[in-house]
Amino acid sequence: MKEVFKGSSTYVASPELMSAVNVSIALGKPLLIKGEPGTGKTMLAQAVSQALGKRLIIWNIKSTTKAQEGLYVYDTVQRLYDSQFGEEGVDDISRYIKLGKMGEAFDSDEQVVLLIDEIDKADLEFPNDLLWELDQMEFYIHETKRTVKAKHRPIVIITSNAEKELPDAFLRRCIFHYIDFPDTKLMREIVFTHFDDIEENMLADALDAFYAIRDKREIRKKPSTSEFIDWISALKLSGIAPAKIKETLPFLGVIIKKDEDLEAIKKTGLM
Amino acid sequence: MFLGFFNFLRRKGMDITLAEWLTLMEALDKGLCGSSLTDFYYVSRMILVKNETEYDKYDALFLEYFKGIRSNTDDVTDAMLRWLDKTDLQEEYADQWEQHKHFMNQQEQGEMDHAQIKEEYEEVKANQDSEHTGGSTWIGTMGKTAFGNLGGNLGGIRIGGTTGYQSAFEVIGERKFKDFRNDRILDNRQFMTALRRLRQYSSRLDLPEDEFSLDKTVDATCESGGYLKIIYERPRKNTVKLLLLMDSGGTMIPYSGLMNELFQSVHKSNHYKDVKTYYFHNCIYSHVYNDPECENGNWIETEWLFRNLDSSYKVIIVGDAAMAPEELYSDTGNYRGPNGGLAGWDWLRLMKRNYKKIVWLNPKMAPGHAPWREAETAVKSLIPMYKLTVDGLKLAMDELMR
């Protein structure tokens, strides 16, 4: 294996996750990452691209995204306009073929990291429409009769929030990793990559409080890693006495976003 | 290689294809698993298991298959590893191992002090100079000391493999993914995923073509050489209408949290055309209640439901079906309110007659036949009943969509 991913200065990956990334690179298969929101699924791709020094291409999926858009779009409207105003080169269809994110990744002269973000947002059939392209790393442009084939197999990272179940045929082609919510030990490491100097007392108390909140049954939306990081920076800036953190839970709004949840915590405290 | 493991996993119900297996073999060929069982565990899991709900099952099967070769220390001499590498033995010993484990648990205290074991292990290792099988002092196979392999002591030190990260068996032992199991009583998000199965996009011809289609308009306009041509399409909407009837009787109190989750999920799943929720106490009679308190007066007639919610509504009844026989069969069986001249059973039959698509979700359904739970068995014979778990809910949704 020539390139090995070992995490980066701002991203702490668990050993299992690193191994998943490396296996997927070595086997040339897409890596499917699932996990709670805020566990750093999207950041993983950035970290991989940074650590391996490769360009990152992000394809953000929305509920209306079609698989075709990722490959190429034939801009018929532009061509129509041009033809009406007698522009030059209207008869050259290839001028109106715009490669999508996936097409861009295939067409790139060097290996890139392709992030297909939140694939579960799209229609149920979406992943199935990409099977051939992800397998063969090529697609065919009907209008110009050209086949776009990946010069260098991109490193494909796909994230999912598990909003929809993905089709079996698609899953079978992926390497799968579920990002578990970090335990306190890993969380410490994550905090240290974001803050150079942090008071040990404060961190310990904040961690205690944070995990106590997450464990509460009444909480509907559990706070995530990124919210915890925000909370730490708020606590740090305010210079609040560490001893007070568990007692008063300052800036609770940073980690708790729902009114009901705020009420629940105010009513029962941490215990 | 490891074909036995592949067959074993498939036999135990893991849905693994040959293509995935070949991928794993490719990974092995490329040396991605190193030579450690722990690496093999992670790599095989990421290739073979595609859902976190299956992690726990996989862990259990992995442990069952490889239970002989436990490992987490790396300073073991090669020779010792060779003695311990008895994978071929373990099939043979599988049964014995179970008995052995049982025996050991009786014999020795289940939990041993880890540091103490480690200390003893170092001492024994220093003294040991020959292979050992059986016995209760030396490091070896099938023994009952706390060290070595294939041994019965569950709390001891495992030898073999490399360290790098957490040992496979430590991970498995924690059963971190137990909560994700499909057969577990489920939570909100999983409910919602299951409820998404309930969708039926209208392709019905009786809907008006009133949705502007940009793509088709552009295409048609281009086709006709730039002369504007507007195309309308039938809208694609989920046409599923849902009637949710929830038991809020006394025996349901332990499940109130779960019921709340289900209620939330149904209402957050805003992709239904219509959702109606009513409550009942133990069984459905002439009235259903507007809220879970089930107070007399705050209700609507069940027949009003029949009249106003037509048979295209899909009905989900949630309850433990633990009525007393007279609550189900007597026409004065409703001790809280009016019976409407019919027994609960008859009202259920009316429900069934009015709504073609109807399922019953039961949070504490007895597996198989449960003759001692008369009411449940009777209701089950009338209305398809599923346990209120992820799997059960999925099956129920499939039933509703059939």
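Laboratory data are not the source of any read-out in this text; all were calculated from the coordinates shown. Keep in mind that what you see is a predicted model, and the values were worked out from it rather than measured. When we count neighbours, we look across all protein chains shown, and the Cβ atoms used for this are built from the backbone with ideal geometry, even at glycine.
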Alpha carbon centroid spacing (whole Å) that separates segment A:95-133 from segment B:305-345: 53
Search the structure for amide H atoms under 5 Å from the amide H of residue B:277, placed 1.01 Å from N in the peptide plane, and list their residues when 5 or more places away or on another chain. B:244
Return the distance in nm (one decimal) between the two label points of a simple spin-label model at residue A:262 and residue A:6, each offset 7 Å from Cα along Cα→Cβ. 4.5
Shielding score for B:41-50, defined as the mean number of other chain Cβ atoms within 10 Å: 6
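Could you give the length gained by full extension between residue A:87 and residue A:55, i.e. 0.36 nm per residue of separation minus their alpha carbon distance, to one decimal place?
8.0 nm
Would you kindly calculate the translational diffusion coefficient of chain A, applying Stokes-Einstein with the Kirkwood radius from alpha carbon pairs, for 37 °C and a viscosity of 0.692 mPa s, and quote it in µm² s⁻¹ without decimals? Write out the running numbers ahead of the final one.
On the way: Rh = 21.2 Å.
The calculation lands on 155 µm²/s.
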Using 7 Å Cα-to-Cβ label points, what is the residue A:151/residue B:251 separation (nm, one decimal)? 7.1
Of the listed pairs A:34/A:151; A:246/B:387; B:241/B:387; A:41/B:357; A:222/B:57, those with alpha carbons more than 32 Å apart are A:246/B:387; A:41/B:357
Long-range amide H partners of residue B:233 with built H, under 5 Å: B:210, B:211, B:212, B:213
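How large is the convex hull of the Cα atoms of segment A:25-119 per residue, expressed in Å³ as a whole number?
Details: hull volume 12.8 nm³, N = 95.
So the per-residue hull volume is 135 Å³.
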Non-local residues with an amide H under 5 Å from the amide H of residue B:330, with H modelled 1.01 Å from N and Pro and chain starts lacking one, are B:344
Using a Förster distance of 22 angstrom, determine the FRET efficiency expected from the C-beta separation of residue A:98 and residue A:123, and round it to 0.05. 0.50
What list of ³J(HN,Hα) couplings, whole Hz, do you get for segment B:38-52 from phi and the Karplus terms 6.51, -1.76, 1.60, once you set θ to phi - 60° and write x for glycine and proline? 5, 4, 4, 4, 5, 5, 5, 5, 5, 8, 8, 9, 10, 8, 5
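Please arrange A:141, B:230, A:33 by how many other C-beta atoms lie within 10 Å of their C-beta, fewest to most.
In increasing order of surrounding Cβ atoms, one gets B:230, A:141, A:33.
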DSSP loop chymotrypsin sites (Phe, Trp or Tyr not before Pro) with at most 15 other Cβ within 10 Å: longest gap in chain A: A:86-194
